[in-house]
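The values are calculated or read from the model by the stated rules, or taken from the named source; none is laboratory data. Just so we're clear, the structure is a prediction, and the values are computed from it rather than from any experiment. Quick reminder, even Gly has a Cβ in these numbers, built from the backbone with ideal geometry, and neighbours come from all protein chains shown. Heads up: the accessible areas ignore ligands, DNA and RNA and are worked out on the full protein's heavy atoms, side chains in. Shrake-Rupley method; radii C 1.70, N 1.55, O 1.52, S 1.80 Å.
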Amino acid sequence: MSYDPTQWAPQTPDQQPAQPPVTPPAYQAPQPPAQPAYGQPQYPGVPPTAYGQPGTPGTPSYGGTPSNPGYGQPSSPSYPGYGQPSSPSYPGYGQSGQGNAPTQPSYGQPSSPAYPGYGQPGAMGQPAYGQPGIPGQPAYGTPSSPAYPAYGQPSSPAYPAYGQPVTPGFDVPAEQAPAWGASIPPGYVPPAPAPKKKSPVLLIVIIVLVVVLVGGGGGGYAWYLATRPKPVITMTSQYLDGATLVGATGTSFTLTGKDFTANSAITFLLDTTPLQLASPATSQSNGDLSSVTLPVTSTWAVGNHTLTAQDASNYVTKLGIKVEIVNPGQTKTPGPNGSPTDSATMSISANITVNSSSGTTQLTVKNGSVCATADDGQPHSTSGTDTSGVTYTESITKTCSGTYQAGKLTYTETASGLRIVYSDGLICGVARSFINRHLDGTFTSATALNGAYSTDAITLSCNMGVGNLPIAAETGTWTGVAVLS
């Protein structure tokens, strides 16, 4: 029997199974009685005859002559044709014999229990050809297990049988990929390997993970964010510009907060600049920030700002508070030293001292201007007695100018039309306007102020041959007390 040698060729590396296949038992062919080789003498003493050549007398040859008959023809009664019985002792091929038949079975029939016919089960553990040898071992040519296919059969759809062309979808198209073992055609360029297909199970796992992350994990992250500090501050001020908190040097803001990191130092920022506090602020164990006073100093630039708070864990108030910083005294803020605001209405009693003499005048401050009651631009008359006992009447018209701002007061009284008429007929007067009084003062507290006093020098022109009477300028000091109204 012959076999196709390609059926026994080793598999290519990519077609070999992950584990070596179970080796089937070697085929044990039945052992018929010894037969001479074809063309050799069947009996001792008969010489061999070359195939197709005439043999010796009595021995036929294949395709001979009348004296040497052809193969399968009788050469003589003693030598029957191939497959014909020569005698009862020697039956023809496939014929049962007589006499010695038990020892000479026909081809393919069992000669004895130890030698079964071809395809028949034998004895002594020798199975028929093509039948399994022992339990667990498959017959030759049949698959040993699902993991190990029969020789020459495909192991899986992705791996074709040995010697067969690759199917489409396996690395390269079938029309380009030659059968294994065949020569590669000229100019063949193998394409890049196709990407591996992802397992549907893997895709399902990925989808489940995404759902968990978005639904459960995302919710967990949202819950985590919800538990993080979200500090909030509230601030108040005594001074407002509409709804905006106002502050000035010398004033302060009062601030509270909540939801800071527990027991954390708190930093306040004016825009992005940290504020320096005399004593640091610290949140409580519950994250609240109790009342904190933020004094406004000269480092706070005049203008609009945003104030925020930040704890030591860098959690910052999301919404800042708008504040307006003004010069002291503006927008109803107090002036320096706690003086009344610029827009305050108040009366000031000023005690003026010139040399050793003193006198008192009343000033009124309203909407930033300063005047006296008589500074109305109308002529006013007063009566008196001079040192010599002569009575007189004085007439004068006075106007005022003055300001109050940021704790500072300036007052100027201007006189005009001065005329003095004495009871003895003397008349004196000043033809021009002059500064009758001038006061400069500064508040030293919310109600007290002091400053300098001065007047202009004037010359009186008199009748009755008296002529010009010069009056010197005066300087002095004054103190005042403010009463807000």
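Okay, here's what the table says:
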| read-out | value |
| --- | --- |
| Anisotropy class of region 299-382 from Cα gyration tensor, a/c 1.5 cut | prolate |
| Mean accessible surface per residue for region 321-385, computed with a 1.4 Å probe while every protein chain stays in place, in Å² | 50 Å² |
| Karplus-derived HN-Hα couplings along region 394-402 (A = 6.51, B = -1.76, C = 1.60, θ = phi - 60°), whole Hz, x at Gly and Pro | 10, 10, 7, 10, 10, 10, 10, 8, x |
| Cα shape, region 240-299, gyration tensor, a/c 1.5 rule | prolate |
| FRET efficiency estimate (nearest 0.05) - Cβ-Cβ, Val302 to Ala446, R0 25 angstrom | 0.65 |
| Inter-label distance for Ile471 and Val390, nm, one decimal - labels placed 7 Å from Cα along Cα-to-Cβ | 1.5 nm |
| Nonlocal amide H pairs with Thr341, under 5 Å, H built at 1.01 Å | Gly335 |
| Neighbourhood charge, 12 Å Cβ-Cβ cut-off, centred on Gly429 and excluding it, Lys, Arg +1 and Asp, Glu -1 | +1 |
| Label point 7 Å beyond Cα of Val354 along Cβ direction - residues of region 458-474 with amide nitrogen under 13 Å | 458-459, 471-474 |
| Pair Ser279, Arg228: separation of 7 Å Cα→Cβ label points (nm) | 3.3 nm |
